[in-house]
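K.L.:
Attaching a single structure in structure tokens format; questions to follow.
The values are calculated or read from the model by the stated rules, or taken from the named source; none is laboratory data. None of the values given here were measured: they were computed from a predicted structure. Don't worry about glycine lacking a Cβ; one is built from the backbone with ideal geometry, like all the others, and counts go over all protein chains shown. Accessible surface is based on the protein model in full, side chains and every heavy atom, while ligands, DNA and RNA are left aside. Shrake-Rupley method; radii C 1.70, N 1.55, O 1.52, S 1.80 Å.
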Amino acid sequence: QVQLVESGGGLVQAGGSLRLSCAASGSIFRINSMGWYRQAPGKERELVANIRSSGSTNYEDSVKGRFTFSRDNAKNTMYLQMNSLKPEDTAVYYCTMRQGVDDYWGQGTQVTVSS
């Protein structure tokens, strides 16, 4: 089993920045992919960014150039640096990890961007 714990959400004004963290613990042995999703009220959960085992990083079009996904393998932690935040970025952000055929999710952290 793998546990993911997110932190770093909060309230920020438009144009501001936040950094989300997601610490993984448990039986971690072969990670296929890692990613961040978000879900705004009344909307479906959508992919924000992910890193595949090949190392390639993908971003949702609306966050390209503003968000940066990184990882610290030594700490089993992934980060999402969010700059130039917009009110439409308001959502609950979830980190996720795929190991083998199993998907693991964090509990979610609220990001609210005021105009």
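K.L.:
Of all the residues that make up region 11-32, how many are surrounded by fewer than 16 Cβ atoms within 10 Å (Cβ to Cβ), of a type in the set (Ser, Thr, Tyr) and at pLDDT 95 or above?
P.N.:
Count: 1.
K.L.:
Considering only region 33-44, I want to know if a residue exists there that is closer than 16 Å to Tyr79 by Cα, aromatic (Phe, Trp, Tyr), open to solvent by 30 Å² or more (accessible area, probe 1.4 Å) and modelled with pLDDT of 95 or more. Working first, answer last.
P.N.:
As a first pass, look at region 33-44 and keep what is closer than 16 Å to Tyr79 by Cα: 33-38.
Filter again for aromatic (Phe, Trp, Tyr), leaving 36-37.
Now drop any that are not open to solvent by 30 Å² or more (accessible area, probe 1.4 Å), which leaves 37.
Adding the requirement that they be modelled with pLDDT of 95 or more leaves 37.
Yes.
Listed here are the residues, each with its yes/no results for (1) touching a Cys at 6+ places or on another chain (Cβ under 9 Å); (2) part of a strand (DSSP E or B); (3) without any contact (Cβ under 8 Å) to a residue 12 or more places away in the chain.
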residue: Val12; (1), (2), (3): no, yes, no
residue: Phe29; (1), (2), (3): no, no, no
residue: Ile51; (1), (2), (3): no, yes, no
residue: Ser54; (1), (2), (3): no, no, yes
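K.L.:
Tell me, which residue of region 45-86 that is hydroxyl-bearing (Ser, Thr, Tyr) and open to solvent by 60 Å² or more (accessible area, probe 1.4 Å) is nearest to Leu18 (Cα to Cα)?
P.N.:
Ser84
K.L.:
Looking at (1) without any contact (Cβ under 8 Å) to a residue 12 or more places away in the chain; (2) crowded, with 17+ Cβ neighbours inside 10 Å, find the lone condition where Arg98 falls short.
P.N.:
Result: Arg98 passes all but (1).
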